[in-house]
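Asker: After the structure tokens below, expect a handful of questions from me.
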Amino acid sequence: MDIKQAKTIIIRILQECKIILLEYILTKKVLWLALASLPFSLYFISTAVPNFYVSAVILPTDTEPQTASKIETLASVFTSSAKEGGSKNAKFISSAKSSDTAKALWDKWALTLFNGDPKNKDVDKIPQRHSVVQRTTAWLVGYDLPEYLTYLDLQSYIRSSIRFTIDFNAFEIDVRTYSSNVDLTIEFLDDVIMAADSVAKKQQIIKSEVLIKTLKRDITNAKNSSIIGIFSEKINNEYYKIATLDNDLPYYITYIDRPRSSPYPISPNVLAIIFSNLIIFIFIGVGINFWKKNKDDIW
């Protein structure tokens, strides 16, 4: 292809674009539809419920209730801090998503989050709503659907609505969610964090109690003095851990920033709504013009 042929093709493309621009885009119909998109967007914006970003930043506690072990190596001294931070983050997040945490929060939050009947005051009598597809499937397959909500539904709600992001450099955890009811969500997020920590503490106490029982059983059969010394030290360590856990102080985490809301809503995005509706209405106008001018050829 020489320069003359390329120039001819470019000129033809420009002519076609001019025809499309004048006959399909720059028309009164498209202009009126573009103007009509503005009140439509304003109505959509005015009826939308604003959602705010609610977040908290927490950090695993830098000390754990235990004594130094005689078998600790020099390498573990330098790596234990990072490993402990990562381990505590994983344990805390797992605790926050667990059914035990949902069970601890159920009595306080079930009616607030799920109850649609103001006359109902029983957390165990909140009706379970099922879709038509779920009801039809249950009828065809032959199984019963649950009648009432349980703490497992609260667990699913926590898992789906709250996000946990770990900063692997500082080991901070960003806990975030989105809501239109800011005050309620701030309180709920704080309760989830504290309940998760409390549940983790209780699980650790149970673990320590079982370990003490096992070590006491095995130490009576031990003959080696070194083994007896290590077992005794571990038993004392677990007793110390239980003593420090049996209080209301945080175990896995401490707050850096308590739950708070962003000053501005993240949705609706006013500019995005106006621009997207403008584009949609323009395309509708172009489509109508194209149909009117080419309907005989199409059919």
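Asker: Consider residue 203 against the criteria (1) at pLDDT below 90; (2) more than 18 Å from residue 92 (Cα to Cα); (3) out of contact with any Leu (no Cβ under 9 Å at 6 or more places or on another chain): it satisfies all of them except one. Which criterion is unmet?
Answerer: Going through the list (1) at pLDDT below 90; (2) more than 18 Å from residue 92 (Cα to Cα); (3) out of contact with any Leu (no Cβ under 9 Å at 6 or more places or on another chain), residue 203 breaks only (2).
Asker: Turning to a different aspect of this structure: Can you tell me how many residues in the stretch 140-150 are more than 18 Å from residue 117 (Cβ to Cβ) and assigned to a loop (DSSP other than H, G, I, E, B)?
Answerer: Residues that pass the stated criteria total 4.
Asker: Report, by residue number, each residue of the stretch 3-42 that is free of Cβ contacts under 8 Å to residues at least 40 places away in the same chain and of a type in the set (Gly, Ala, Ser).
Answerer: Result: 6, single match.
Asker: Could you check, for the stretch 220-228, whether at least one of its residues is at pLDDT 85 or above and at negative phi?
Answerer: no
Asker: Take the stretch 265-292 and flag every residue that is out of contact with any helix residue (DSSP H, G or I) (no Cβ under 9 Å at 6 or more places or on another chain), of a type outside the set (S, T, N, Q) and touching a residue at least 60 places away in the same chain (Cβ under 8 Å).
Answerer: Selection gives 265, 266.
Asker: What number goes with the only condition from (1) closer than 30 Å to residue 263 by Cβ; (2) over 20 Å from the mean Cα position of the chain (by Cα); (3) touching a residue at least 12 places away in the same chain (Cβ under 8 Å) that residue 169 does not pass?
Answerer: Here residue 169 clears every test but (3).
Asker: OK, next. If residue 128 satisfies every condition in (1) polar (S, T, N, Q); (2) in contact with a Leu (Cβ under 8 Å, 6 or more places away or on another chain); (3) crowded, with 17+ Cβ neighbours inside 10 Å but one, which is the exception?
Answerer: Failing condition for residue 128: (3).
This table checks each residue for (1) of a type in the set (Val, Ile, Thr); (2) in the same structural domain as residue 95 (by TED's automatic domain parsing); (3) farther than 18 Å from residue 254 by Cβ; (4) part of a strand (DSSP E or B).
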position	(1), (2), (3), (4)
138	no, yes, yes, no
152	no, yes, yes, no
158	yes, yes, yes, no
164	no, yes, no, yes
174	no, yes, no, yes
183	no, yes, yes, no
191	no, yes, no, no
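Asker: Residues of the stretch 227-263 being over 29 Å from residue 206 (Cβ atoms) and free of Cβ contacts under 8 Å to residues at least 40 places away in the same chain, which ones?
Answerer: 263
Asker: Can you name the residue in the stretch 190-242 that is hydroxyl-bearing (Ser, Thr, Tyr) and within 30 Å of residue 154 (Cα to Cα) and, of all such residues, is surrounded by the fewest Cβ atoms within 10 Å (Cβ to Cβ)?
Answerer: Step by step, filter the stretch 190-242, then rank; the result is 198.
The values are calculated or read from the model by the stated rules, or taken from the named source; none is laboratory data. For clarity, every value in this text was computed on a predicted model and none was experimentally measured. Positions of Cβ are generated from backbone atoms using ideal geometry, with glycine treated the same way; all protein chains shown enter the neighbour counts.
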